[in-house]
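The values are calculated or read from the model by the stated rules, or taken from the named source; none is laboratory data. Since this is a predicted model, take the numbers as computed values, not measurements. Here the Cβ is made from the backbone with ideal geometry for all residues, glycine too, and neighbour counts use every protein chain on show.
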Amino acid sequence: MGNKQTIFTAQQLDAYQDNPFRQRIAEVFSEDGEGNMTLDDFLDMFSVLSEMAPRDLKAYYAFKIYDFNNDDFICKTDLEKTLNKLTRNELTEDEVRMVCEKVIDEADLDNDGRLSLEDFQHMIVRAPDFLSTFHIRI
Amino acid sequence: MPPKRKNEIAISVEDVGMEVDVVSDSGSEDEARRRAKNRRVKPQRKAKRVSSDEEDEEDEAPRKRGRKKKAKPRDSDEDDEEDKRTKEESDEESEEDRGKTKKRGADEESLSEGEMAALKEQVEEKKKLIATLRNKPWRMKRRLVLLKEAQEFVETFEGALGKGKGRKLYAYKVMMAKKVIKFKRDFENFKTACIPWERKIKEVESHFGSSVASYFIFLRWMYGLNMVLFGLMFGLVVLPEILMGLPYGSIPRKTVPREEQDTAMDFSVLNDFGGYCKYSFLFYGYFNNERRIGLLQFRLPLSYLLVGVGIFGYSLMVVIRTMARNSNEGGDGAEEGEFTFSWKMFTSWDYLIGNPETADNKYASITTSFKESIVDEQENQKDENIHLRRFLRVLANFLITCSLGGSGYLIYFVVKRSQDFAKMEKENLSWLEKNEVEVVMSLLGLVCPPLFETIAELENYHPRIALKWQLGRIFALFLGNLYTFLFALFDEVNEKLETEKSIRNATIWALEQYYANYSSHFNTTDVPPPNVQPADVIRGPCWENAVGIGFVKLIVSDMQVTYLTILVGDFLRAVIVRFLNYCWCWDLEAGFPSYGEFDISGNVLGLIFNQGMIWMGAFYAPGLVGLNVLRLLSSMYYQCWAVMCCNVPHERVFKASRSNNFYMGLLLLVLFLSLLPVVYTIMTLSPSFDCGPFSGQEKMYDVVMETIEQDLPSFIANIFTYATNPGLIMPAVLLMVLALYYLNAVSKGYQQANIDLKRKMKMVSMSVLLHVPSFSNISRVQDQTNDCAVYSWTL
């Protein structure tokens with residue numbers, strides 16, 4: 001970015017943001033749920049994503065990030081959206097469906113066909129590299 | 001070191017940038033203590049820790065959490081729901097507590113005993129809220145509001161508590177405590193700012209992901225360890241000898257012998273650590289054996305021995321502490337295949353990545369990994385010809401054992417040859433012949449691992465298992481090489497001991513001759529010591545110096561080979577691929593050589609073995625630790641540059657899970673293995689008679705016995721005599737074995753209990769679902785489930 005710009009086009013911003021969940025992170029941590037953050041929200045975001053945050057706190061916010069429709073459950077559509085964002089739509093329909101079914105199989109403890117916060121937490125606190133990947137170094 | 005002590009920080013730092021209050025009741029009276037004890041007894045009934053074990057450790061009185069003041073405004077419904085969903089336990093607790101406090105009343109003005117105590121309890125609640133506020137998943141705004149209110153409350157009423165009971169002193173104590181906390185906070189900030197290379201590691205991390213960065217974090221940790229060892233060795237052994245000991249040239253052991261003096265400054269001699277290097281503080285032989293030296297009467301030989309042993313002790317302590325910390329954070333490990341797809345989906349994205357190219361790579365690797373898992377799922381694993389597979393695996397293991405044996409024999413042979421060379425004249429030997437041992441060892445370290453990998457293709461294992469086998473084999477290779485080297489070195493040492501005996505006899509005989517001549521010639525018995533220049537005295541072969549020099553040469557050549565490999569294997573390759581691509585028939589970047597990937601496991605193993613050699617050699621060459629510090633420093637900068645310049649991120653990412661503790665375990669093993677030779681030589685071999693701090697004694701540890709007898713009061717000597725009695729040691733060893741067995745049994749019991757409880761929870765949740773199908777609202781069923789889980793736990 002050569003000369004000083006104050007307004008960035010969407011294309012320019014896209015190239016600098018590689019995280020597939022960037023939109024969700026902004027929405028989760030913002031006050032109005034639209035993606036506009038105050039300083040407090042910004043601090044919140046970095047405090048959760050820092051090295052020091054406890055595992056449960058991170059799990060709680062990770063759950064909110066992956067819950068695309070904000071209904072406090074991670075249902076199949078949420079899973080499909082997550083997977084497509086992760087693989088940039090490279091997998092076929094069948095494969096996506098299969099993976100989502102497997103995830104629900106593995107993690108859903110109360111058998112309601114979707115992941116609640118408890119299911120998610122139960123599964124994620126056992127993951128060996130959750131802490132190291134859900135982390136931003138400043 | 002990166003402060004991962006989030007436990008301590010969460011407890012001790014309640015300051016969030018505003019004025020702070022005390023945690024502990026600095027002016028606590030007995031009542032408050034009693035009440036605190038009662039409070040601690042009460043929550044033991046509530047053992048319902050669902051997933052908050054960490055926060056338990058962090059809170060000081062862990063059960064009481066977030067009890068809010070009654071009149072506190074609730075921010076928004078959203079926050080309420082958040083709170084309810086995640087802290088159902090605290091809701092239940094706060095309901096109970098609210099009931100109790102209603103009983104106790106909220107009179108804050110009167111000063112009767114009971115109400116004072118109640119007030120004190122409230123103040124303590126607020127303080128606890130302040131301490132744990134950081135961990136709660138609330139909005140920042142809400143947290144700030146709560147914090148302000150809690151602090152105001154504590155501020156107002158803490159003063160009231162001191163009324164009539166040494167108020168001034170109380171206020172003073174509170175103020176001092178505040179200052180102390182602020183100071184601690186600033187100190188923590190300062191320490192974090194002092195951590196070296198944070199920016200560099202962050203850059204590597206954002207380009208290559210967390211696994212490559214973990215190598216650099218490990219390197220930084222090693223550097224810290226070596227700095228401490230260097231400080232110990234240098235401050236307690238080398239500096240006293242330099243400052244308070246005799247200068248160079250005053251006694252024979254500190255002077256270059258007459259025969260060697262004209263070549264002592266030659267570069268080739270210095271390169272072999274002979275000449276002036278050999279007779280300097282870098283090696284064991286320089287140190288004098290005077291019991292006490294200088295103004296402070298510093299006991300150098302004792303210090304040398306204790307520092308030598310203390311290096312191992314400190315390293316052991318640090319490694320075990322790091323292992324314990326790592327294993328605490330590892331979570332209660334689930335089995336390998338339990339949550340494969342879920343973990344892939346939710347933990348595969350590395351939020352640290354900040355570079356478009358790396359992100360592209362990451363997307364590609366995630367997609368590949370998903371596709372592989374899908375294929376694995378769908379495939380019907382027919383075991384085609386299990387006999388062929390077994391035969392191939394046996395064949396591969398046989399081949400690898402042969403090559404390991406071959407390499408061991410090669411090293412032994414080369415070391416034997418080098419002993420023969422040492423007897424010949426130096427000028428007749430080529431450079432290759434002089435440095436044969438080190439070159440061979442480094443070459444083996446370079447050539448064998450790829451060889452093992454190629455042979456391992458026969459075995460057809462899953463990549464993670466294949467990696468473990470590979471690491472194990474490389475470990476065996478390095479270990480075998482190192483120990484063969486050591487054994488060959490021991491042969492040399494024994495030879496030297498033989499020659500030493502004869503030289504010693506000759507020296508004693510010559511001295512007696514001199515006395516006899518002198519007294520017979522001048523007819524006196526008062527004979528002055530022979531006036532011989534230090535450089536002309538006959539010298540013993542000083543085997544400790546030979547060992548020290550052997551290790552130093554090995555480490556230096558290892559370092560040179562590593563740097564050269566990076567230069568040629570990575571940098572030159574990258575340059576060739578980049579510039580030759582313009583005029584080559586096929587695409588070099590995508591096709592055959594392409595850019596190298598950073599070999600994490602190879603580098604980590606190299607680092608671990610280097611540290612092992614340092615531990616072995618530090619006793620015989622005190623300067624070695626300093627050399628290693630320099631090496632690690634330069635290695636950090638060099639490898640960071642090389643990685644950023646010449647490597648590409650990994651194509652295939654499978655995490656060697658929990659690998660951090662695996663490498664620490666290897667380090668621990670190497671520590672023990674390098675302790676053995678040093679302890680053996682201290683205990684069994686006798687020191688040289690004319691060099692080093694233990695010269696003239698039977699065994700090296702005699703210095704400790706001497707100190708105990710002469711310098712310490714006599715009853716301590718008695719204690720030691722009793723303690724070393726076999727009749728006392730045997731029962732102690734037996735007791736330790738029994739303790740081990742008991743702890744093992746207890747831990748197994750806990751694991752079993754854990755499994756049983758998990759099963760119970762699943763069963764209870766299922767049974768609730770079956771028995772109350774009429775509830776349409778699933779979240780209410782979930783509340784019920786949790787309640788049931790609570791009760792079943794407490795039953």
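For A:R88, only one of the following conditions fails: (1) within 30 Å of B:I201 (Cβ to Cβ); (2) within 7 Å of another protein chain (Cβ to nearest Cβ); (3) crowded, with 19+ Cβ neighbours inside 10 Å. What is its number? Of the numbered conditions (1) within 30 Å of B:I201 (Cβ to Cβ); (2) within 7 Å of another protein chain (Cβ to nearest Cβ); (3) crowded, with 19+ Cβ neighbours inside 10 Å, the odd one out for A:R88 is (3). Within the bounds of the range B:687-697, is there any residue that is within 14 Å of chain A (Cβ to nearest Cβ) and more than 33 Å from the chain's Cα centre (by Cα)? No: the range B:687-697 contains no residue that is within 14 Å of chain A (Cβ to nearest Cβ) and more than 33 Å from the chain's Cα centre (by Cα).
Check whether at least one residue in the range B:323-339 is aromatic (F, W, Y), part of a loop (DSSP other than H, G, I, E, B) and away from chain A (no Cβ under 14 Å), and report yes or no. No: zero hits. Count of the range A:91-107 residues, restricted to those that are more than 16 Å from B:V375 (Cα to Cα) and surrounded by 15 or more Cβ atoms within 10 Å (Cβ to Cβ), is 3. For the range B:429-450, the tally of residues that are within 30 Å of B:I386 (Cβ to Cβ) and loosely packed, with under 15 Cβ neighbours inside 10 Å stands at 1. Pairs are defined by a Cβ separation below 9 Å, a sequence spacing of at least 6 or placement on different chains, a first member in the range B:436-461 that is small (G, A, S), and a second member that is surrounded by fewer than 16 Cβ atoms within 10 Å (Cβ to Cβ) and modelled with pLDDT under 80; the pairs so defined are B:A456/B:A466.
Looking across the range A:22-64 at every residue that is within 26 Å of B:P356 (Cα to Cα), among the polar types (S, T, N, Q) and more than 12 Å from the chain's Cα centre (by Cα), the one that is surrounded by the fewest Cβ atoms within 10 Å (Cβ to Cβ) is identified as A:N36. Between B:F720, B:F689, the distinction of being surrounded by 12 or more Cβ atoms within 10 Å (Cβ to Cβ) and touching a residue at least 24 places away in the same chain (Cβ under 8 Å) belongs to B:F689 only. Among the residues of the range A:74-85 satisfying the criterion of being more than 8 Å from chain B (Cβ to nearest Cβ) and closer than 18 Å to A:D112 by Cβ, which is surrounded by the most Cβ atoms within 10 Å (Cβ to Cβ)? Taking the candidates together, the pick is A:I74. The one condition from (1) closer than 21 Å to B:T684 by Cα; (2) in contact (Cβ under 8 Å) with a residue 60 or more places away in the chain that B:T499 does not meet is (2). Taking the criterion of being more than 23 Å from A:N70 (Cβ to Cβ), part of a helix (DSSP H, G or I) and more than 7 Å from every other protein chain (Cβ to nearest Cβ), the only residue of the range A:102-138 that qualifies is A:D105.
For (1) modelled with pLDDT of 85 or more; (2) farther than 15 Å from B:F341 by Cα; (3) not basic (K, R), each residue gets a yes or a no:
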residue: A:L39; (1), (2), (3): no, yes, yes
residue: A:L49; (1), (2), (3): yes, yes, yes
residue: A:Y60; (1), (2), (3): yes, yes, yes
residue: A:I65; (1), (2), (3): yes, yes, yes
residue: A:F73; (1), (2), (3): yes, yes, yes
residue: A:E93; (1), (2), (3): yes, yes, yes
residue: A:V103; (1), (2), (3): yes, no, yes
residue: A:L117; (1), (2), (3): yes, yes, yes
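If you go through the range B:592-628 and keep only what is touching a residue at least 60 places away in the same chain (Cβ under 8 Å) and part of a loop (DSSP other than H, G, I, E, B), you end up with B:F598, B:A618, B:F619, B:Y620, B:A621, B:P622.
Residue selection: B:A213 satisfies the criterion of being surrounded by 15 or more Cβ atoms within 10 Å (Cβ to Cβ), hydrophobic (A, V, I, L, M, F, W, C) and assigned to a helix (DSSP H, G or I). Restricting attention to the range B:340-399 and to residues that are free of Cβ contacts under 8 Å to residues at least 60 places away in the same chain, among the hydroxyl-bearing types (S, T, Y) and part of a helix (DSSP H, G or I), the residue that is surrounded by the most Cβ atoms within 10 Å (Cβ to Cβ) turns out to be B:S342.
Checking the stated criteria, B:L133 turns out not to satisfy the condition of being modelled with pLDDT under 80, at negative phi and crowded, with 17+ Cβ neighbours inside 10 Å. What pairs can you find where one residue is in the range B:754-766 and facing chain A (nearest Cβ under 10 Å), the other is surrounded by 13 or more Cβ atoms within 10 Å (Cβ to Cβ), and their Cβ atoms are less than 6 Å apart, with a gap of 6+ or different chains? Hits for this filter: B:M761/B:A789; B:S765/A:D110; B:S765/B:T785.
When we screen B:E589, B:E698 for residues that are assigned to a loop (DSSP other than H, G, I, E, B), touching a helix residue (DSSP H, G or I) at 6+ places or on another chain (Cβ under 9 Å) and surrounded by fewer than 19 Cβ atoms within 10 Å (Cβ to Cβ), the only hit is B:E589.
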